[in-house]
Amino acid sequence: MLKMTRLLVRHFCAIASDQHRAPSDSINDESDYESDHSEHTPSPPSTPRKKQTLVAVTPTPIRNITRELALAQVASPHRNGQSSFYLRATPRTLANGNKLCQQAKALFRRTAIPSRLVGRGNERSTMMDFWNAHVLGNKPGCLYVSGSPGTGKTAMLTEIIRITEDEVGELRTHQVNVVMVNCMSVGDPKAIYTKIVTELKGSGSKPNPDMDAVQEAEMLLNGKSEVLNVVVLDEIDHLITKDQDVLYKVFEWASIPSSRLVLIGIANALDLTDRILPRLRAKNCEPQLLNFNPYSVSEITSIIKDRLYSLVENEDDPFGAAPTPNENTPLPLIQSAAVELCARKVAASMGDLRTALDVCRQAIEMAENEWKKKTAALIASNPDAPPIVAKVTIGHVMKVLQIVYGSPNVQKLKQLNLQQKVVIGVLMVMNRSTSGSTKSQITMTKIISYLQFREQYGVFCSKSGSSISPVSRTELNDLISMIETTGMITLTNHKDERLRRIQLCVTEDDIMQMIRSVNVLDTWIADILEQDP
């Protein structure tokens with residue numbers, strides 16, 4: 001019995017040993033097979049081996065090398081105890097540091113769309129209430145949004161359209177068709193009807209040549225009871241005409257109870273509806289008003305810091321969203337004092353957020369150029385030296401602010417509305433053509449009569465293909481008076497209005513800098529100077 005037990009134990013041990021060697025043996029068998037078929041020389045005789053049994057082995061999962069490398073970089077300690085949330089490059093390469101600066105500059109472009117808008121809580125609430133009541137509630141209406149340039153009017157509306165997209169798509173009572181038109185792209189205010197028709201029909205479609213544009217636009221806006229059309233007219237003040245017929249008509253369309261139109265107009269002027277469209281109230285067509293005040297120092301600071309913190313990598317998930325910053329989180333790339341300096345300067349000027357973003361982007365470019373030169377020199381002298389961290393300082397921001405703002409007169413000129421800027425542009429052209437003055441002069445001292453100016457203004461604005469429409473004589477008088485209060489011009493008194501004298505009090509350099517900041521005005525003045533140098 002004992003002998004039988006020993007034989008069974010030896011048998012099972014032999015089987016276990018064979019199974020343990022099976023994968024290796026099978027590989028050897030395959031190698032022998034390949035060797036036998038690749039070489040025709042006979043192999044020496046050998047004792048036949050017992051056929052081995054293959055054992056299934058669980059496959060090893062494929063490694064994500066990219067992720068492991070990223071995690072290794074995040075987990076690795078910084079050299080010399082230096083902490084950097086945004087620079088993980090070795091001292092021998094510029095790639096990572098350059099990538100960071102490129103990402104930062106992209107964040108501060110005017111065209112960059114942030115994942116969320118910081119601040120503007122009251123404005124957001126009012127606009128969202130209007131959107132819910134009219135767009136989601138299937139009810140016609142009109143909203144006029146006013147505010148200085150760069151105060152977030154269009155950006156806020158765009159965000160609300162984006163965040164309610166799913167909710168709009170799930171509506172069962174009606175469909176929503178959103179059309180956005182920038183009125184600066186329309187040369188003649190009456191051409192807005194054709195533009196609306198084209199946008200409503202879709203790309204590639206043309207207006208019906210057998211129908212009047214006004215009638216076709218009205219038919220498309222109210223043709224389908226199950227469709228609610230939301231028309232957003234940005235820069236709506238470009239539709240101002242002598243009789244204001246265009247503006248009255250579009251506001252009246254949205255005020256009819258049976259209308260299928262929700263109109264949202266956006267412009268800079270706070271009093272456009274009261275000053276330009278006084279009859280709206282009498283006709284019970286007055287739109288809901290929403291004004292965006294200029295950004296404050298704290299708001300601009302919060303927005304800049306929010307964009308900078310988005311550069312911070314999440315050490316728990318390098319490929320996920322940026323971690324939520326706290327009071328101990330260092331600000332990447334730009335010094336906190338430099339951010340505050342930028343915010344204070346911009347808020348004191350116009351509160352234009354776009355200017356603050358431009359200043360940050362240009363300061364980053366300036367710091368990046370300096371960083372590249374210093375890093376290249378350091379690598380050449382000492383390849384093992386610790387990396388230099390790119391940082392935007394107060395000095396960088398100060399240099400950019402001096403470039404952006406220039407003289408105080410430029411800022412005053414930029415604060416004028418478009419029609420006031422047109423008046424300044426016409427006076428500049430007249431002063432240049434009549435006196436032969438050059439832009440190197442400190443001030444432009446040529447005196448022009450009001451009659452001469454009015455006639456020349458009408459000629460310039462009435463030229464074929466002009467993108468600027470003339471205003472009425474009364475409105476022109478108001479424009480001149482408002483410009484005089486800014487100190488940009490002086491206006492003499494006279495019994496006969498036509499003989500009053502107008503004199504510019506700013507340099508041509510300052511005026512041209514203002515003109516170049518407005519594309520439509522820049523093109524218009526360039527055409528005038530080309531035709532009448």
Item to complete: Determine if the range 399-413 includes at least one residue that is outside the structural domain of residue 514 (by TED's automatic domain parsing) and more than 30 Å from residue 485 (Cα to Cα).
Response: yes
Worksheet item: Identify, please: which residue in the range 361-388 is in contact with a helix residue (DSSP H, G or I) (Cβ under 6 Å, 6 or more places away or on another chain) and at pLDDT 90 or above and is, among those, surrounded by the most Cβ atoms within 10 Å (Cβ to Cβ)?
Response: 363
Worksheet, complete the sentence: Every listed condition ((1) touching a helix residue (DSSP H, G or I) at 6+ places or on another chain (Cβ under 7 Å); (2) of a type in the set (A, V, I, L, M, F, W, C); (3) not in a loop (DSSP other than H, G, I, E, B)) holds for residue 106 save (1)
Discussion item. I'd like to know if the range 275-284 contains one or more residues that are assigned to a strand (DSSP E or B), out of contact with any Gly (no Cβ under 9 Å at 6 or more places or on another chain) and crowded, with 18+ Cβ neighbours inside 10 Å.
Written reply: no
Worksheet item: Which condition does residue 387 not pass, out of (1) under 30 Å from residue 529 (Cα atoms); (2) not in a helix (DSSP H, G or I), if it passes all the others?
Response: (1)
Worksheet, complete the sentence: If we ask which residues in the range 107-122 are within 24 Å of residue 289 (Cβ to Cβ) and either of a type in the set (D, E, K, R) or under 8 Å from the mean Cα position of the chain (by Cα) (or both), their number turns out to be 1
Item to complete: Go through the range 471-509 and give me each residue that's free of Cβ contacts under 8 Å to residues at least 40 places away in the same chain and within 21 Å of residue 269 (Cβ to Cβ).
Response: 473, 474, 477, 478, 481, 484, 485
Practice prompt. Output the residues belonging to the range 264-297 that are under 16 Å from residue 238 (Cβ atoms) and either free of Cβ contacts under 8 Å to residues at least 40 places away in the same chain or in contact with a His (Cβ under 9 Å, 6 or more places away or on another chain) (or both).
Written response: 267, 275, 276, 277
Discussion item. Within the range 262-270, does at least one residue satisfy the condition of being surrounded by fewer than 17 Cβ atoms within 10 Å (Cβ to Cβ), under 16 Å from residue 135 (Cα atoms) and among the small types (Gly, Ala, Ser)?
Written reply: no
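Of everything in the range 344-360 that's in a helix (DSSP H, G or I) and either farther than 13 Å from residue 400 by Cα or in contact with a Pro (Cβ under 8 Å, 6 or more places away or on another chain) (or both), which residue is modelled with the lowest pLDDT?
Among them, the one singled out is 349.
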Fill in: Condition check for residue 424: surrounded by 14 or more Cβ atoms within 10 Å (Cβ to Cβ), farther than 26 Å from residue 98 by Cα and at pLDDT 90 or above
yes
Fill in: Among the residues listed as 521, 451, the single one being farther than 23 Å from residue 409 by Cβ, aliphatic (A, V, I, L, M), touching a residue at least 12 places away in the same chain (Cβ under 8 Å) and not in a loop (DSSP other than H, G, I, E, B)
451
Item to complete: Scan the range 374-403 and report the pairs whose first residue is under 12 Å from residue 363 (Cα atoms) and whose second residue is of a type in the set (Lys, Arg) and at pLDDT 80 or above, with Cβ atoms within less than 7 Å and a gap of 6+ or a chain change.
Response: 401/345
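The values are calculated or read from the model by the stated rules, or taken from the named source; none is laboratory data. All values derive from a computational prediction rather than experimental measurement. With ideal geometry, Cβ positions are generated from the backbone for all residues, glycine too; neighbour counts draw on all protein chains shown.
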